[in-house]
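One structure is given below, encoded as structure tokens.
What follows is calculated from the coordinates using simple rules that are stated; it is not laboratory data. Please read these numbers as outputs of a predicted model, since none were measured by experiment. All Cβ positions, glycine included, derive from the backbone under ideal geometry; neighbour counts span all protein chains shown.
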Amino acid sequence: MRVVLVCAMLSLLSLAHACPKECSCNSNTKVVDCRGRGLYDIPRRLHPDTQELYLQDNRIRGLGSMAFREIPLVRILDLSNNSITAVSPTALLGLRNLQRLSLAYNNLREIDKRLLGPIRSLSHLDLSHNSLWGLPGAMGENLRNLSHLGLAHNRLTRLDRSLLEALTHLDSLTLRDNPWRCDCQLIGLKLWLETYLFKGGVMDEVLCSQPEEMRDRDLQKIPYQLFHACMTTSYHYLFANIHHLESERLLRGHTHGNHAHPSSHALHVPMAMGEGFGGGGGGGGSMPECETKQKQRPVNLRHAIATVIITGVVCGIVCLMMLAAAVYGCAYAAIMAKYQRELKKNEELAAAQGADHATADDKEPLENAIA
């Protein structure tokens, strides 16, 4: 009787996890193929041992919370070429083994920073051919093992440098066909790209769409001289914010009686040179050469002051070296002039003495002849 009951339970369990009728399944390779079946939703009754799930070329419009809870072992998930416009922040919750994820050729406008939080093994992420305006910088903390990132054919005008700096294992990157705005805020991306390519990274291109004078120019080939106005403005902006935040700190300390630990009053100064150099915002300042900036990463005031002091010391040393070189050059010129004068004088003296000897020799034969 117990044997019959166990068999019945196993039979029910196998039926519960049978291959969905819309898909084809391979129990040996643990692959479920649901491509081009006109699906509007994720199929149900997927086997929990599924490791590869292919859902491209369907009509799926969104991914709800824990949409793949039935297949926690899946490694490859392809959702490309659907009509996905919204993805729940917890849609991928439980997929701790996911290595490759494709959401290409959809209609995504944004990605929540929590979406990839539980996944630490992701190595391939394709978000190309969407309508993404940007990616949250905090998302980079969840992508430290990523080796490929596809962002081509979106609506990106800039990209947070903090996101890219977190991708320490990135080998290939696609950024083409985005309306990049090559202004002050893109200097950070330019600096990161140079380091990335120097280390052997592979990427396509970043062609500027704005401003008009930089249209169709590759960001990697634009000289830094064209960003000189942004850099000059950034330094003025930086010191203006230092003064503003120092006054704010003193006022806050007076209001609260200075009871907090000194470290709690540490000032943070927003820099103003793109993602790598920070953005605008904060203390009410603005940059005449650039548009309103996104929220930037703060920089400690003491670090900023130390940087200024070190820069001043270096400049002072350079000036002293230039002064020493000028003094040495002048002294050398004076010594050489004096040497030339003395040499000329000695030559004239020798010539005069030679003339005297010649006159004496002429007179001696004459005297001998008279005698």
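Arrange the peptides 73-83, 333-343 so that the one whose residues have, on average, the most other Cβ atoms within 10 Å appears first.
73-83, 333-343
Would you work out the relative contact order for segment 111-214, in percent, from Cα pairs under 8 angstrom that are 6 or more residues apart?
24 percent
His169 versus Cys315, label points 7 Å from Cα toward the beta carbon: distance in nm?
Result: 4.4 nm between the two label points.
Considering only the other residues whose Cβ falls under 12 Å of the Cβ of Leu55, what net charge follows from Lys and Arg at +1 and Asp and Glu at -1?
-3
Quick one: check the C-alpha center-to-center distance for segment 55-108 versus segment 133-180, whole angstrom.
If we compute the Cα centre of each part, the gap is 19 Å.
Would you please put 120-126, 321-327 in order of how densely packed they are, using the mean number of other Cβ atoms within 10 angstrom per residue and starting with the highest?
Answer by packing, highest mean first, reads 120-126, 321-327.
For segment 13-178, what relative contact order do you get, as a whole percent, if you take Cα pairs closer than 8 Å and at least 6 residues apart?
Relative contact order comes out at 14 percent.
What is the distance, in nm, between label points placed 7 Å from the Cα along the Cα-to-Cβ direction at Asn145 and at Val308?
Calculated label separation equals 4.5 nm.
For Glu205 and Ala326, what does the FRET efficiency come to when R0 = 35 Å and r is the distance between their Cβ atoms, rounded to the nearest 0.05?
Here the calculated transfer efficiency is 0.15.
If R₀ is 22 angstrom, what is the calculated FRET efficiency for the pair Glu212 and Arg155, using the beta carbon separation as r and rounding to 0.05? Show your work: numbers first, answer last.
Numbers: r = 19 Å, r/R0 = 0.85.
So the FRET efficiency works out to roughly 0.75.
Extension gain Ala352-Arg45, at 0.36 nm per residue separation less the Cα-Cα distance, in nm?
Working: separation 307, 0.36 × 307 = 110.52 nm, distance 12.01 nm.
Answer, rounded to one decimal: 98.5 nm.
Work through the residues other than Ser80 whose Cβ is under 12 Å from its Cβ and net out their charges, Lys, Arg +1 and Asp, Glu -1.
-1
Given the pairs Lys199/Lys221; Lys113/Lys190; Lys30/Lys199, which are separated by over 29 angstrom at their Cα positions?
Lys30/Lys199, as the Cα separations exceed 29 Å there.
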